1. Ranked highest first by average number of other Cβ atoms within 10 Å, how do 423-434, 234-245, 384-395 line up?
2. Hey, can you grab everything whose amide H is under 5 Å from the amide H of residue 331? Only 5+ residues off in sequence or another chain; H modelled, so Pro and N-termini drop out.
3. Among the trypsin sites (Lys or Arg not before Pro) in region 257-326, which ones are in a DSSP loop with at most 16 other Cβ atoms within 10 Å of the Cβ? Mind listing them?
4. First measure r as the distance between the Cβ atoms of residue 277 and residue 215, then evaluate 1/(1 + (r/R0)^6) with R0 = 22 Å and state the FRET efficiency to the nearest 0.05.
5. Starting from the 7 Å offset along Cα-to-Cβ, what nm value, one decimal, do you get for the label separation of residue 351 and residue 298?
6. So if we plug the beta-carbon distance of residue 331 and residue 163 into 1/(1 + (r/R0)^6) with R0 = 45 Å, what FRET efficiency do we get, rounded to 0.05?
7. Would you mind calculating the gained length between residue 324 and residue 124 on full extension (0.36 nm times residue separation, minus the Cα-Cα distance), in nm to one decimal?
8. How would you order 401-411, 298-308 from highest to lowest mean count of nearby Cβ atoms within 10 Å?
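Just so you know, all these numbers are worked out from the coordinates, no wet-lab data involved. On a predicted model such as this, the values are computed, not experimentally measured, just so you know. Note that we place each Cβ from the backbone using ideal geometry, even for glycine, and neighbour counts take in every protein chain shown.
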Amino acid sequence: MCEGFVGPDLESMTMLRGCLRSVATNRAPTGRERFPHPNWTASSPARLGQGLLVHTLRVLAPFDRRHRAVPVAALGFVLILVGACRVIGPSPLPPGAQSPTGADSDPFGDLATDSDSGLDTGSSFVPSQRGGAPGVWIASQGTLVFFGGMLPITADTLQFDAAARAWAELSTASGIAGPGARCHHTLVSDGGAENIFMFGGFSFFGRFNDTWRYDADAARWTLVEATGSVPAKRCLHSAAYVTSRQEMLVYGGISGAGVSSDDFFADTHILDLHDGEWSLLGAAGPGKLAGAVTVYASNDDAVYLWGGKQVDTYPSTLWRFDVQTRVWEQIETTGDLPRGREDPTYFWDDQQATLYVFTGRNDTTSEVLLDDAYALDVAARQWRPLDTSGAPAPRWRGTVVFDPDSSVGYLFGGWRDFGGLEAFNDTWRYDPATNEWTEVTGGGVNARTR
């Protein structure tokens, strides 16, 4: 049942510790200490459980610093605290709500619901700190939209209006189940950017292999009744929308703790968005990877994949998937090659066929979070370094999108530690033409250098 906690899984234990910290306090000055659900309150049961939770945090604290070594005894605390979280957890689901399709279980009941077109909040609203919440750009509306993320793991749908420079949370219609709370899923948008497709993801009690469609005009989530060779449950996979064929390509990801080769996937799946049928391709690909960058290049009708984590290594190899022949090939690149990394901040400018890569995680390096930047001219197959002056602080698993009409990228949030205990909720705009970063705050824009 508790797939996310089974085995010597340092990341799951670290994330668990963050979950418990959120439950144990109702302070939120840093984004690390919040109740993990808007319905949670500092009620009497919560106060009674607080002592147990804080004590257990002290017990579990040393295990964050021991590489992949969690005593079996600690799992007993996990089971006790799962029960405690259920006792003091969020209020029950409204009538008619259902468990999230494709998840092993969701005992917290953190379910999103279908949304109407209204907005709950004004320009002063800013989403909570989080990472692992992929986003897409809705060209017809000029908005960034993302779902979920952690810590805590959420099930909210949020949007950023670039013209108004304001965030808003989409209001929900009561009683209709939508995607379950999750992070480390993928989102892609269709050519008209009116439909968003979400696949997979992670929760503390299982991974997902469900597919959801979000109608941007109606602000409504709908479960896709997928058929064919549906991919196994996974998270930290990568995906791209193939405009020429109206397909979604999904590659790699992890199923378990991510500490052994058996936990990683090396498969390529294609979802036909006309009929909802999945196909598993037999062609050899980039190998077992999680957290890689995957983009679709319309100029040569191909998907490019770069970086990611391969068990204990971080390859810096560029791969190309030919959409017509269904074949992967490794591409040789020149110039100042960047170090490999997982889940970097990146922007794909399709019109210029250029990939911009910033920061990201590589735990084989002394700094772990890399503080660098590079641009890849895909047509020339050449890398060049970029100046990072004025760039946001190093992070990974942030929300990134690119607006092709204005030729600027947007970044929200991301993690600055391993398990999501420390995360950002800042919003930034990047202009590739000038290599300039601008921090977006409230209803205005303020430039800031590091």
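1. Per-residue Cβ counts within 10 Å, averaged per peptide and sorted highest first, yield 234-245, 423-434, 384-395.
2. 318, 319, 320
3. Passing sites in region 257-326 are 326.
4. E between residue 277 and residue 215, to the nearest 0.05, is 0.60.
5. The answer from the label model is 1.0 nm.
6. That pair, residue 331 with residue 163, gives E of 0.75.
7. Net length gain for the segment: 67.3 nm.
8. Packing proxy ranking, top to bottom: 298-308, 401-411.
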